[in-house]
Structures are given as structure tokens and as C-alpha cells.
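Reading through the C-alpha cells given below for one structure.
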Amino acid sequence: MNDRVLVVDDDPGIRDTISQLIEELGYGCDCASDGIEALSCLNTSSYLCVFTDIMMPKMTGLELIKRIKAKDISLPIIVITGYASLEIAIDAMKCGASDFLSKPFKVSQIQLLLGKMRREKLLLEENRKYSDAIQLYRLIDNLKGQLEDKNNEITSLQTISEKIISLKGIRDLVAAIVDVSKQLLEDVDVEFYPLNRKTQTLIDTKRGHHRIISTDLMEGRIMRLSGHLTTGERTFQTIFPLMIEGQVFGTLDIHSDTVLGEEKEGKILYLLNRSAERMENVALYEGLYENMLSTLKSMAKILDARDPHTSQHSTRVTNFSLAIADVLELPQDEKDVLYIAASLHDIGKVGIPDSILLKPDKLTDEEFTTIKRHPDIGADILKQLPPMARETEIIRFHHEHYDGKGYPLGIGGREIPLLSRIITLADSYDAMTSDRPYRKGLAINKAIEEIRRCTGTQFDPELATLFINKIIGP
Ligand SMILES: [Fe+2]
């Protein structure tokens, strides 16, 4: 059966246009004219996603988003918006909306959004299926039952869960699996070998060699081996595959003096299953993060489009900033941060009214004070995304001056992050050379003169010299 989409808008014209485009793409579509009607549709049918307007009678779109999210956090909601209501789009995203659809509505834009939603839905379903397949929940219940009598062990599952949930990167997670296994089993040797998918070999980083993986492990089964040490004592090896999304990610090898037994194996399985869930969540989260990022980038583009005189400004600032980073030979991860921060440096202008942002005449002092809030507004928007902590600070300081006379904080010199100093230079140069309603853009040689004049006051002297000599001049 085709995926269905729910469109909520009080304007019948908009409802018809969007639902027609959705149906043309082969999806089913229901329409509701307000939040109450939408909630009753959601009670009777299931949907791939919901498109909703914000300004509606009876219930606002924001209220509707909150109500939907309270019922089903995983149902994606797309906000229908004109460019003039970007501030509302941001509020909607804070309430849990995943994306927005802006006017004029194009079939390609809707296709892209629905494709993305469908991929996310499949990913979520895959995860659920996988969890069922390994009967994770039954295992947890079993384990809980077994542990109830044993006071000293009663908290161990909780410890595992807490430890696993608090970890972020995959490498942290692998180290924790080894640690927790040792704590759980005592008197065992534990090692984790990641699988190289290309060569289908397990990588032994300590000894620097690769081992072929057995079919049993590849198919998700535990391997149990036994042998004798040179001293004649018996030794046992139990190898658990760590499966992520149905594929082997690596193996956990446990050497012990006695057979592990069902109970101990159960604990290790529980640990590996929780870790696998966490790893899948990390992957899913990264996917959602990418989505959020692309939404922010399209907002930056729309922002540029709001003012015809500054269109393409963000793109040019990004290109100049990356050119400076190239000359400075900054490492790739710094360039990645710079790319995002430069692309979104003026995102805070969504919080500045058109009457000020698009004013053709010179700004009054009061208006200028309002404009000066945009670095903080931008940083506050990005603060919602924890992995963007660095970009957040760089954006906050992109109007600071080297002599400490900039805004918002008035910090100076090297106290201003290097990447912010780079963006300041690129941003100012582009502003100088672009046409404005009240003046023509400066010629390159005049802009160079201006940069020289402001070197040491507004700009970092080293960066300014490098920019003039290696990028735009002489
Ligand atoms: Fe700015």
C-alpha cells in the first residue's frame, strides 16, 4: 500500500495544490482544515508524515506539532511556510518539526522531502525488526528475572545501560564493551576485534595481523572453543559477534578458565545488544543531524534571497573563508567547521525584521542595535544542536574586532577564535565589494586599501596581510 501523507491547512487553495503534487508523486493524501480535524485523522490512519500550516484557527500549527509529538515522537512534521515567516519556522523546529516547505510549492521539493521521510521510516522499521529478531526484550526480561535474587548484581544491567547511553562515539563504545565485560565476568581476558568488511578479516591491532572470520560468527552465532595451555591447564574461549543492522561489526573474544555458561553468556549478549542499539541510534542521529543541517543551509539560502542585494553573500563568504584556510593549511576537520560556520554566519538575521534588514537608507542607532543582536540570535539557534558547539561560538564572534571594539562581547586579539577572525575578514571584504541600495560596491584596489586601513583595528594583521597578498591582491 502507498504511504499516506496528511496535509493540514485552513486555506483550501494551498491544501489542493500540495495534495495534488503529493498524489502526482504516487503517495496517498488526506487533508484537514485545522488541528482538531488533523488529530482525528491521526487517530484513525497512519501517515508517513504531516505537512502543516502554522497560522490556523482553532489550534495553531505549533500546538498541533506539540500534540502530535506527544503521541508519536517519530512521526515527521513538515511546516508549510512563506519566507516571511522564517522565525515561526524556527519555533516549529524547536517544537519538533523536521523540515519546512516554502512557497512557491514545487514538485521537486516535495519529492525530495518525501524521499527523505521514507528513507528515515525504513531505517526506523529496520531497527525495530532487528530488535524483534534477536528477541531483545525477552532476553532482558529473562536476565532481569535471574538477577533479582542476586543483590550484588542487581544493578549491573542498569550500570551497563547508563554506561552505554552516556557514550557518544563508536570507539568509546567498543572500549566500554571490553571494560564492562571484564567487570561482569571477573578473571577473564577480553579483547575486541573489529571486522574489515572489504577483506572479511578481523583486525588484531595489538599484534598487527588479520584473521579470517568463521561462517558461524558471520551468521551471528556464538563460537565456543576449548584447549590446553602450555602448562597443561584447560582454557576456554567464547567468541561473540557484535551485530549491527544484521551485519557483523566485530567480535568480542573472552578467554576464561571455566566454561562461561548460559547466565554469563546472557549478560554479554545483553551488553552487546544494548551497544548495537546505541550504535544504530548514533547512526540514526547522525542522519537526523544531517537533515537539520541541510534545513539550516536552505534557511541561509532563503535568507540571502530575502535581500536581493546580499544574495549569494553566504556562499561567497564561505568560499573566501575556505581560501584563507587553504593558505593557512588548516586541518580538514577545522575546514569542515569553518564551512558550516561561514555558510550559516548570518543565520541570526532571521530574527531581524524586514523593515530594518531591508531598509534602503542608513540605519538609525536604535536599528543598528537591533542588527547587532544577529550573532547572538544565530548562536542561540545553533545551540539547539549539541554537535555544533564549535560552530555556535564561531558564529557568535563573527563581528568582534581585533582591537576589542566589536560586538557582541567586545573581546579582542587571539581571544576571538581563529575561525571567527577568518569569517570577519571574508564577510567584510564581500560586503565592501558588493553593491548596496545606497552605494555601489568598491573596486578591488579600493577594498584592499580599506582592509589595510582597518588592519589591527578590525582585522587580525596576519590574516589581513595573507588575504591581500595571497588571495585577492596585490
Ligand atoms: Fe553578520
> Of 395, 444, which residue is β-branched (Val, Ile, Thr), over 25 Å from residue 347 (Cβ atoms) and touching a helix residue (DSSP H, G or I) at 6+ places or on another chain (Cβ under 9 Å)?
Replying inline: 444
>> Any residue that is within 16 Å of the ligand (Cβ to nearest atom), surrounded by 22 or more Cβ atoms within 10 Å (Cβ to Cβ) and on the phi < 0 side of the Ramachandran plot - is there at least one of those in the stretch 458-473?
In response: yes
>> Being touching a residue at least 40 places away in the same chain (Cβ under 8 Å), surrounded by fewer than 17 Cβ atoms within 10 Å (Cβ to Cβ) and within 16 Å of the ligand (Cβ to nearest atom) is true for just one of 421, 436, 373. Which residue is that?
In response: 436
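Yes/no matrix, rows are residues, columns are (1) in a loop (DSSP other than H, G, I, E, B); (2) surrounded by fewer than 23 Cβ atoms within 10 Å (Cβ to Cβ); (3) in contact with a Cys (Cβ under 9 Å, 6 or more places away or on another chain):
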position	(1), (2), (3)
10	yes, yes, no
13	no, yes, no
19	no, yes, yes
30	no, yes, yes
39	no, yes, no
70	no, yes, no
>> Of the conditions (1) under 20 Å from residue 357 (Cα atoms); (2) away from the ligand (no atom under 16 Å from the Cβ), residue 429 satisfies every one except a single condition; which number is it?
In response: (2)
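Would you check which residues across the stretch 404-460 are part of a loop (DSSP other than H, G, I, E, B), small (Gly, Ala, Ser) and under 23 Å from residue 377 (Cβ atoms) and list them?
404, 406, 410, 412, 434
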> Taking the stretch 326-349 as the search range and keeping residues that are buried (at least 22 other Cβ atoms within 10 Å of the Cβ) and either of a type outside the set (D, E, K, R) or outside the structural domain of residue 417 (by TED's automatic domain parsing) (or both), which one is nearest to the ligand (Cβ to nearest atom)?
Replying inline: 345
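So which of 234, 221 ends up being surrounded by fewer than 14 Cβ atoms within 10 Å (Cβ to Cβ), at pLDDT 85 or above, more than 23 Å from residue 274 (Cβ to Cβ) and not small (Gly, Ala, Ser)? Before you say what the answer is, go through the steps one by one.
Details: 221 fails: more than 23 Å from residue 274 (Cβ to Cβ).
Result: 234 is the single residue among 234, 221 that is surrounded by fewer than 14 Cβ atoms within 10 Å (Cβ to Cβ), at pLDDT 85 or above, more than 23 Å from residue 274 (Cβ to Cβ) and not small (Gly, Ala, Ser).
Looking at residue 338, is it at pLDDT 85 or above and assigned to a loop (DSSP other than H, G, I, E, B)? Reasoning before the result, please.
Working: at pLDDT 85 or above: yes; assigned to a loop (DSSP other than H, G, I, E, B): no.
No.
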> Is the stretch 434-441 home to any residue that is in contact with a His (Cβ under 9 Å, 6 or more places away or on another chain), under 23 Å from residue 335 (Cα atoms) and not basic (Lys, Arg)?
Replying inline: no
>> If I filter the stretch 376-397 down to residues being under 17 Å from residue 317 (Cβ atoms) and within 13 Å of the ligand (Cβ to nearest atom), which single residue comes out as farthest from the chain's Cα centre (by Cα)?
In response: 397
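Restricting the search to the stretch 421-468, which residues are of a type in the set (S, T, N, Q) and modelled with pLDDT under 95? It would help to see each step written out before you state the result.
Within the stretch 421-468, the subset of a type in the set (S, T, N, Q) is 424, 428, 433-434, 445, 455, 457-458, 465.
Correct list: 433, 434, 445.
The values are calculated or read from the model by the stated rules, or taken from the named source; none is laboratory data. Just so you know, these numbers come straight off a predicted model, no measurement behind them. For neighbour counting, all protein chains shown are included, and Cβ atoms are generated from backbone atoms with ideal geometry for every residue, glycine included.
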